[in-house]
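Worksheet for the structure shown next.
The values are calculated or read from the model by the stated rules, or taken from the named source; none is laboratory data. Quantities reported herein were computed from a predicted structural model and do not represent experimental measurements. No Cβ is skipped: glycine too gets one built from the backbone with ideal geometry, and neighbour counts run over all protein chains shown.
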């Protein structure tokens, strides 16, 4: 018989068990207060030495200090940033995987017949870090000392001019494609597994041109190891104030920027994303970080997650038609 005394005992046991389970679940649930209690992976989808890698390590070092846990950079290069992106998409959404990416996150869906991840659904935005121009760089041995001299040189040597990039669909590549279309010249695109080795081949004279990010290009230009002709943005930049814009050098309307943003796997707890955002924005305002980024030509942003989501959509809307019109495709 189910007596009142038995009911009271059963109810008490049920309350005790439920409370224990609730406390256990609460203890296991990630929270911004308990996070992070171990190292955080920061996945870079390009080789070491490029602009994305430089920015990742700079901010990662500061976040390591703030969080009291090491931010470990992992370079997962290849397939135009898809290898790194897929690794992040398949990671646990526990706050211990952070992803820095750029233009390919907006363009790869238009370049590849299929992706093993959804660039929107499988990722949660954290913050738009900064915007940067690319620099039009040629070897010191190049006969071109200005943008229009390069155009004349390319027209006099059809089919013989090559330009490099860190992969199909990167801003480095798309800058070259847009330059081809707006000047009517022929150039062969040579994709690398990162912009850093492509830049080295320009310096060595094995490539005729690269539109490399100012973070990587400016030190080489200022050090006299390569010749900068112009920047890709509509305005000149403090990092290389002596260089004109491509538009003012004669290609009217030319305007391309690189950008860099933090994302995490989709379904990462909102409280952790909020803390990541706040700490990253604070890191960008930290004087040594801010000064270094500005020296490298970066326009610091530090957006909200929602603003990065809107920006990503605008980039997809911008580059999708360009890629389709140019019939740029990557066969897997």
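Scanning for something touching a strand residue (DSSP E or B) at 6+ places or on another chain (Cβ under 6 Å) and surrounded by fewer than 23 Cβ atoms within 10 Å (Cβ to Cβ), does the stretch 211-219 turn up at least one residue?
The answer is no; no qualifying residue exists.
Yes or no, residue by residue, for (1) in the same structural domain as residue 274 (by TED's automatic domain parsing); (2) surrounded by 10 or more Cβ atoms within 10 Å (Cβ to Cβ); (3) at pLDDT 50 or above; (4) not in a helix (DSSP H, G or I):
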{"residue": "1", "(1), (2), (3), (4)": "no, no, no, yes"}
{"residue": "7", "(1), (2), (3), (4)": "no, yes, no, no"}
{"residue": "14", "(1), (2), (3), (4)": "no, yes, no, no"}
{"residue": "19", "(1), (2), (3), (4)": "no, yes, no, no"}
{"residue": "31", "(1), (2), (3), (4)": "no, yes, yes, yes"}
{"residue": "48", "(1), (2), (3), (4)": "yes, yes, yes, yes"}
{"residue": "56", "(1), (2), (3), (4)": "yes, yes, yes, no"}
{"residue": "60", "(1), (2), (3), (4)": "yes, yes, yes, no"}
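Go through the residues of the stretch 301-309 one by one and say whether even a single one is part of a loop (DSSP other than H, G, I, E, B) and more than 18 Å from the chain's Cα centre (by Cα).
No, the stretch 301-309 contains no residue that is part of a loop (DSSP other than H, G, I, E, B) and more than 18 Å from the chain's Cα centre (by Cα).
Provide a single number: the residues in the stretch 62-77 that are part of a helix (DSSP H, G or I) and free of Cβ contacts under 8 Å to residues at least 60 places away in the same chain.
Of the residues in the stretch 62-77, 2 are part of a helix (DSSP H, G or I) and free of Cβ contacts under 8 Å to residues at least 60 places away in the same chain.
Residues are listed down the side, and each one gets a yes or a no for (1) within 29 Å of residue 294 (Cβ to Cβ); (2) outside any strand (DSSP E or B); (3) in contact (Cβ under 8 Å) with a residue 24 or more places away in the chain:
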residue	(1), (2), (3)
125	yes, no, yes
137	yes, no, yes
152	no, yes, no
167	yes, yes, yes
200	yes, yes, no
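I'm trying to understand the selection: among the residues of the stretch 95-118, which are at pLDDT below 95, closer than 30 Å to residue 38 by Cβ and part of a helix (DSSP H, G or I)?
104
Condition test on residue 317, is it at pLDDT below 95 and more than 23 Å from residue 135 (Cα to Cα)?
The answer is yes for residue 317.
May I ask you to verify whether residue 69 is surrounded by fewer than 17 Cβ atoms within 10 Å (Cβ to Cβ) and modelled with pLDDT of 95 or more?
Spelling it out, residue 69 is indeed surrounded by fewer than 17 Cβ atoms within 10 Å (Cβ to Cβ) and modelled with pLDDT of 95 or more.
Can you find even one residue in the stretch 264-287 that is in a strand (DSSP E or B) and either outside the structural domain of residue 60 (by TED's automatic domain parsing) or modelled with pLDDT of 95 or more (or both)?
yes
Which count do you get for residues in the stretch 243-258 that are touching a strand residue (DSSP E or B) at 6+ places or on another chain (Cβ under 7 Å), in a loop (DSSP other than H, G, I, E, B) and closer than 23 Å to residue 102 by Cα?
Matching residues across the stretch 243-258 total 2.
Evaluate the following for residue 163: is it crowded, with 24+ Cβ neighbours inside 10 Å and in contact with a helix residue (DSSP H, G or I) (Cβ under 7 Å, 6 or more places away or on another chain)?
Yes: the conditions hold for residue 163.
I'd like the full set of residues that are more than 25 Å from the chain's Cα centre (by Cα) and either outside the structural domain of residue 148 (by TED's automatic domain parsing) or modelled with pLDDT under 95 (or both), limited to the stretch 201-243.
The one that is more than 25 Å from the chain's Cα centre (by Cα) and either outside the structural domain of residue 148 (by TED's automatic domain parsing) or modelled with pLDDT under 95 (or both): 242.
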